[in-house]
């Protein structure tokens, strides 16, 4: 193995030093030529970031003051505004350095389209979640039914809604499923109407049945005086005259009142001799004479 002479090492060191000096000189010349653009880019970056933060905070506070917009939606919209402004600031800073941003914007648009197509189902749930949080067809703690799901709402997110069913089962429902189907809210209104249908025999007195049902309704303190209770003949069935009782009550009393009035009507009719008939059919046999 041959040893390099000292002169060869000196030549290599001089070459490296020359390259470093040349690079430093080039960088210094570029810095002097673009100092104004660099200073403008830094100023735009600082001001843009500050404005993005201030604007997002202002939007968050403004939306949070509204009773119709949930805090989750306010935070989500304020973050979207902040990130969008950051993108605008970044593109503006690149423009200060002479970078052609047209291709970058086109690439970002294509990327956004690809992500949107890939996450189409997820984004539809997000859009439905935002609409649910804005329109508020139901709130946490309210009892609803939608399709095959019925129960008490435990939580509303941007992607899913958590529901505790009446049978104690926990269900997580995609927001898109709830938004695209009719939702019945049992807890939203302060009062509800209860209707009891009960059959009496054709031989029994309709007036007496009406009197007894009205007495049961007025005797229960949970029945509201307005609108006043109403008793009517609902139908003339095959084996019975169907009587209807309509009363109004507070929403929280509905279930207990429905059970109580149903049991009380059966007991009261038995006490006064009003029959609740079973389905009956009259069968006649015709015998031909020889």
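The values are calculated or read from the model by the stated rules, or taken from the named source; none is laboratory data. Here the structure is a predicted model, which means the values were calculated and not measured. Counting neighbours? That spans all protein chains shown, and the Cβs are built from the backbone with ideal geometry, glycine included.
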Fill in: Filter pass, residue 152 being surrounded by fewer than 17 Cβ atoms within 10 Å (Cβ to Cβ), touching a strand residue (DSSP E or B) at 6+ places or on another chain (Cβ under 8 Å) and under 30 Å from residue 263 (Cα atoms)
no
Discussion item. Quick check on my filter: what residues within the range 170-211 are in a strand (DSSP E or B) and closer than 25 Å to residue 274 by Cα?
Written reply: 194, 195, 196, 197, 198, 199, 200
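If I go through the range 219-235 residue by residue, how many of them are farther than 23 Å from residue 205 by Cα and either in contact (Cβ under 8 Å) with a residue 40 or more places away in the chain or in a strand (DSSP E or B) (or both)?
Taking the range 219-235 and keeping what is farther than 23 Å from residue 205 by Cα, we get 220-227.
When the remaining residues are screened for being either in contact (Cβ under 8 Å) with a residue 40 or more places away in the chain or in a strand (DSSP E or B) (or both), the result is 220, 223.
Looking only at that region, the number is 2.
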Worksheet entry | Residue among 218, 242, 251 that is over 30 Å from residue 143 (Cα atoms), within 46 Å of the chain's Cα centre (by Cα) and not assigned by TED's automatic domain parsing to the domain that holds residue 143 | 242
Worksheet entry | Residue check for residue 201: modelled with pLDDT under 95 and over 24 Å from residue 254 (Cβ atoms) | yes
Discussion item. Just the residues that are at pLDDT below 95 and not in a helix (DSSP H, G or I), please, taken from the range 244-273.
Written reply: 273
Practice prompt. Spot the failing condition for residue 196; the list is (1) in contact with a helix residue (DSSP H, G or I) (Cβ under 6 Å, 6 or more places away or on another chain); (2) modelled with pLDDT under 95, and only one is missed.
Written response: (2)
